[in-house]
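Below: the structure, in structure tokens.
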Amino acid sequence: MSAGPLPDIHAIEDLYAENHLWLQKWLRSKLGCVHHAADLAQDTFVRILGKSEPVNIREPRSYLATIANGLVYDFRRRQLLEQRYLEALQQLPEPLQPSPETRALQLEALNALDALLDQLPPAVRRAFLLSQLSGWTHARIATELGISVATVKRHIVRGLTQCCLLQ
């Protein structure tokens, strides 16, 4: 593939034809599953198609690997979240277990919330989660993070504001 911006769909088709199998094998080596690798390879090219500006690709495989690495990270993060959610559900008595439909909806909401919180700076996210999930006081969070109580309050407000984007 020649260097330069991707001006049209034909350049992306060429990128796909020349690199799809390589990308799928590369992803399979990272994920250990041919099916997940195939899905993430497709998602990589969908990301490229979704770009509004032409992209200057000098090293096609490096470019694809960079996009795919981000998708692998997101995939593993969702898997871990789902695993923890299912483990928490196992602690519930049988009559309180949600239906499969409710589980799917709750997991979808958890993934969306996780993605929103991941956009926050680490200190903001940590302060917010300590407040909301651990029930820590503002003073305890401030001491833990080495920041002022006023900063903790700002972080919590920012976290709550970010969560409002979920609606």
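For this structure, a couple of remarks:
- Of the numbered criteria (1) more than 20 Å from Glu82 (Cβ to Cβ); (2) part of a helix (DSSP H, G or I); (3) free of Cβ contacts under 8 Å to residues at least 40 places away in the same chain; (4) not assigned by TED's automatic domain parsing to the domain that holds Asp74, the one Gln162 fails is (3).
- You will find that of Val46, Val55, the residue that is within 21 Å of Leu31 (Cβ to Cβ) and in the same structural domain as Arg28 (by TED's automatic domain parsing) is Val46 and no other.
- Looking only at segment 33-66, residues that are among the basic types (Lys, Arg) and assigned to a helix (DSSP H, G or I) come to 2 in all.
- For segment 61-81, the set of residues classified as farther than 18 Å from Ala37 by Cβ and in contact with a helix residue (DSSP H, G or I) (Cβ under 6 Å, 6 or more places away or on another chain) consists of Leu81 only.
- Looking across segment 146-155, the residues that are within 10 Å of Ala123 (Cα to Cα) and touching a helix residue (DSSP H, G or I) at 6+ places or on another chain (Cβ under 6 Å) come down to Val152, His155.
- Residue match in segment 9-32 (condition: without any contact (Cβ under 8 Å) to a residue 60 or more places away in the chain and in a loop (DSSP other than H, G, I, E, B)): yes
- Test: Ala11 is of a type in the set (Gly, Ala, Ser), in contact with a Pro (Cβ under 9 Å, 6 or more places away or on another chain) and more than 27 Å from Ala109 (Cβ to Cβ): yes
- Residues (within 11 Å of Lys30 (Cα to Cα) and modelled with pLDDT of 95 or more) located in segment 66-75: Ala68, Asn69, Val72
- In this structure, Tyr85 qualifies as in the same structural domain as Leu31 (by TED's automatic domain parsing), at pLDDT below 95 and surrounded by 14 or more Cβ atoms within 10 Å (Cβ to Cβ).
- Test: residue in segment 113-132 that is on the phi < 0 side of the Ramachandran plot, part of a loop (DSSP other than H, G, I, E, B), surrounded by 14 or more Cβ atoms within 10 Å (Cβ to Cβ) and not charged (D, E, K, R): yes
The values are calculated or read from the model by the stated rules, or taken from the named source; none is laboratory data. Keep in mind that what you see is a predicted model, and the values were worked out from it rather than measured. As a convention, Cβ positions derive from the backbone with ideal geometry for all residues, glycine included, and neighbour counts pool all protein chains shown.
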